[in-house]
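Beneath this line is the structure, given in structure tokens, with notes to follow.
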Amino acid sequence: MANRKRPEENNNKLVFVRDNLYKIPYLRENGKPANRYFIKTTCVICGKEMYAHIANFKRNKNSICSLECQRTYSSAPDGSKKNKRGGKELDGHILIKQINHPSAKKGWIPEHRYVVEKNIGRYLEDNEIIHHINMDKKDNRIENLHVFKTIREHFLSHGSLNKCVKKLIDSGAIVFDKKQGTYLCN
């Protein structure tokens, strides 16, 4: 049976095919030629360049280079993905690793909650909501964050924004493009 190790762990020679596609030519047990195909990609956790078997890559786009990276990937909350800053993202929010935090889920917490907690010097209550003033969930500067004591207060804040947007639509400052189905600043 042919060696099933990854190409970088193998003495087999990778042959460039096209784009990010490579192959390792080998002979079957019956002596007939065959190829094993790999995609050149990067690890979703550490960013290391690697070669993923094409069947695995098609099945799961999250290529992982090592057991250590697999453990990190598995420990993240369900539905999260790696972001450019080396952490994780969930629903547009940045997550950071804080294993001992009382609100941590699998060792991860939202960065915006952590920033506010450091600023006020205490843990947030579960019912306290952090609002991103500029609506950018990745902008976790303390001047962009506001604490609401209840979900209702946060909901009313968004309602006030909707009233402002309506006034801008009525004044013509914001228009709706029916062809693209989007709002535009006029």
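Each value in this text was obtained by applying a stated rule to the coordinates, not by laboratory testing. Worth saying up front: this structure is predicted, and the values here are computed from it rather than measured. All Cβ positions, even for glycine, are placed from backbone atoms using ideal geometry, and neighbour counts span all protein chains on display.
Here are the numbers for the structure shown:
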{"read-out": "Most to least packed among 168-177, 35-44, 16-25 [average Cβ atoms within 10 Å]", "value": "35-44, 16-25, 168-177"}
{"read-out": "Inter-label distance for CYS46 and PHE176, nm, one decimal - labels placed 7 Å from Cα along Cα-to-Cβ", "value": "5.1 nm"}
{"read-out": "Built amide H within the under 5 Å cut-off of ILE174, gap 5+", "value": "ILE169, ASN186"}
{"read-out": "For ILE96, residues with placed amide H under 5 Å, excluding near neighbours", "value": "ILE109, GLU111"}
